[in-house]
Amino acid sequence: MQTIGKLLQSLRQKQDLRLEDVSKETNIAPHLLANLENDAYEKLPSSTFTKGFITSYAEVVGLSPQKALAIFRRDFTISESGKIMPRGLAKPLDKPTVVTSKLIGIAGVVFFIILFSGYLFYQFQSYQSAPRIDIIRPKANSIVKGPIIAVKGYVSADSSVYVNDAIVETFPTGEFQTTAQLPAGNHVLTIKAVNSHNKVSQQQIPVTVVDK
């Protein structure tokens, strides 16, 4: 049974496509696509971005994005910290452990303290950190055909996205897609993300628009 990475690789090879060909279609770097094919998720960005890579790759090789994600979820799970791990990695103990009520009580208190501390730390980090933005297309300083310019990227899931001050719908995975209408010439796309704590990240993407 193939993992999603190996399945995507197999479909690519059957179509005589190179990683560079897929990269041009998805605007995902070839080394990231290679890591995806090898199930090297520790070398990829967060799970949110990885799911976006899977759906974009699947579209290029003719695989349903929904089916691709289903295969991914079949073989891998995402920890609370966002780390992608193979399912069934942890094995149950062979021998039963005798636990007293006192130990259960102590463990419960310790667990509560750790959980509460983690919650406070997470809230503090969320409050302090600006949202992440990863622009898939267009790339900075690229030449694009106009006047309709496709804009695609990923942000932190709790963020609102604005492209040239116009709000854009964001999917639960953090993916956003929209278009901008620009005449021929040199322009700068301003992409801004605002999270639930009103922290702001912004990227400006210079592009040259040419007539079709």
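Working carefully through the options 199, 152, find the one that is charged (D, E, K, R) and at pLDDT 95 or above.
152
Hey, among 196, 201, which residue is in a strand (DSSP E or B) and either in contact with a helix residue (DSSP H, G or I) (Cβ under 9 Å, 6 or more places away or on another chain) or in contact (Cβ under 8 Å) with a residue 12 or more places away in the chain (or both)?
Criteria check complete, one pass: 201.
Counting only residues that are farther than 18 Å from residue 48 by Cα and hydrophobic (A, V, I, L, M, F, W, C), which one in segment 184-200 is surrounded by the fewest Cβ atoms within 10 Å (Cβ to Cβ)?
188
Residues that are within 30 Å of residue 114 (Cβ to Cβ) and among the charged types (D, E, K, R): does segment 46-65 have at least one?
yes
Given 203, 181, which one is surrounded by fewer than 18 Cβ atoms within 10 Å (Cβ to Cβ) and within 14 Å of residue 135 (Cα to Cα)?
It is 203.
If a residue must be assigned to a strand (DSSP E or B), surrounded by fewer than 16 Cβ atoms within 10 Å (Cβ to Cβ) and not polar (S, T, N, Q), how many such residues does segment 138-161 contain?
Going through segment 138-161 one residue at a time, the tally reaches 4.
Condition first: assigned to a strand (DSSP E or B) and modelled with pLDDT under 95. Can you find one or more residues in segment 121-133 that meet it?
yes
The values are calculated or read from the model by the stated rules, or taken from the named source; none is laboratory data. Keep in mind that what you see is a predicted model, and the values were worked out from it rather than measured. No Cβ is skipped: glycine too gets one built from the backbone with ideal geometry, and neighbour counts run over all protein chains shown.
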